1. Given all pairs of different Cα atoms, what value in angstroms does the Kirkwood hydrodynamic radius of segment 252-397 take?
2. Modelled label-to-label distance, residue 297 and residue 101, 7 Å Cα→beta-carbon offset: nm?
3. Going by average Cβ neighbours within 10 Å, how do the peptides 346-355, 205-214 rank, with the highest at the top?
4. Could the peptides 109-115, 400-406 be put in order, highest first, of the mean number of other beta-carbon atoms found within 10 Å of their residues?
Ligand SMILES: Nc1ncnc2c1ncn2[C@@H]1O[C@H](COP(=O)(O)OP(=O)(O)O)[C@@H](O)[C@H]1O
Ligand SMILES: [Mg+2]
């Protein structure tokens, strides 16, 4: 609207000027001499217009003259308008070209920046020649022998795939489940065309192709990080396809199930503890990774998936191994919505353990708070409370935190936390009639819990007023991988049951 307004105004003024001049008898077609005062020009009557007018009756002459002047004025207004538009059109094109050129250069600058961010992450000794997001040589080099699960997959693997469902999407990426030609299900990560990253970029730079390339750098960074940071709690990179000219990158990953916090909140303590333990093992690895201490800048449950009950980090594009430089302690502040911490500025001028501490506090606020204390076994609550305290106050480093978790696991698996349990009187019988539900239970049919021994089962049964008997099964939970396996209690399912002494009469 601004451009249109500013272009009409001069044309209008130009037309008004000419019109007013013509009213005074000065129009572009009028001879200059007709305006020269008589007393200065003896030959005034010799001008053609005066001569023509001189031969006409005076009334007709006046109206004809007025009509001629008016039409000349209107014509000149239109000519001015046209000239103005043509000039404006020219200058408008110029402005637009200039704007587009500056956007292009800003986008190129960002592309170069993203490129630079990836270079330090490449394996040492690798050729760090400039590469583009679709440089297949780089990726071939990078992923050579990288997959512990067979040979790395490339574009060829995607040829006869069957798309199954969308697994998830975020600001940057879209993740779909597909089955490869051989029947193996995998997760494919690609640029989310409708994501916030693409949307903002196209809005700012007006260049969908360039933006796709820019956003693809995040996928490229993720591939490099997945390649360098291999750990049981990081999603497995199966390969990638980065062959096409459009800068598209498709990452092929092992397929998991998005973490459902709500579902997890309703699971047995043992499963919730496992998620927290997996997370701590992951953070321990990240604190001393091949890239140095890595911080997860976008630390949220949605960046994780579950694969066969194991927690795995899947979103790595916001991982950073950078140190935070400082001049004094006050430069090392860690700010969270409800807590601030000030860390130490080391003699080398970097904030000591900042990445590690940031991860620990995020683990505390997004995971431990919700998953750990609720329904912890009585013999372990004091240890759980201690973990909550030291992680919530950032009083322990990741080594100490991992030790505390492994200690709990050891007590839990060995049954040592049950030492103080009073012994319950049990007797075995061949039938039982108890049928009740409890929460959280491993099964919808009855009350199914995990216990270390018949003694613990009896203790739990005694504490549930509805429980009159229980059955031990041979099934094992994840902690049952140890030498002292835990077993499920199945109530009223197996023929041989233990019956509560008081109810046995
Ligand atoms: N390997 C996978 N298996 C199953 N779901 C996945 C996998 N990887 C990612 N997802 C799902 O896709 C979502 C988006 O992936 P993510 O890498 O986090 O993208 P963004 O960077 O856009 O946040 C995740 O929140 C997760 O739910
Ligand atoms: Mg994400």
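1. Working: mean 1/r = 0.0615 Å⁻¹.
With all distinct Cα pairs of segment 252-397 included, I get 16.3 Å.
2. 3.2
3. Values: 346-355: 16.3, 205-214: 18.3.
Final packing ranking: 205-214, 346-355.
4. On the way: 109-115: 14.7, 400-406: 17.3.
Averaged packing, sorted descending, gives the order 400-406, 109-115.
Taken together, the values in this text are just the output of simple stated rules run on the coordinates, not laboratory data. Predicted, not measured: the structure shown is a model, and the values here were computed from it. Backbone-built Cβ (ideal geometry, glycine too); neighbour counts: all protein chains shown.
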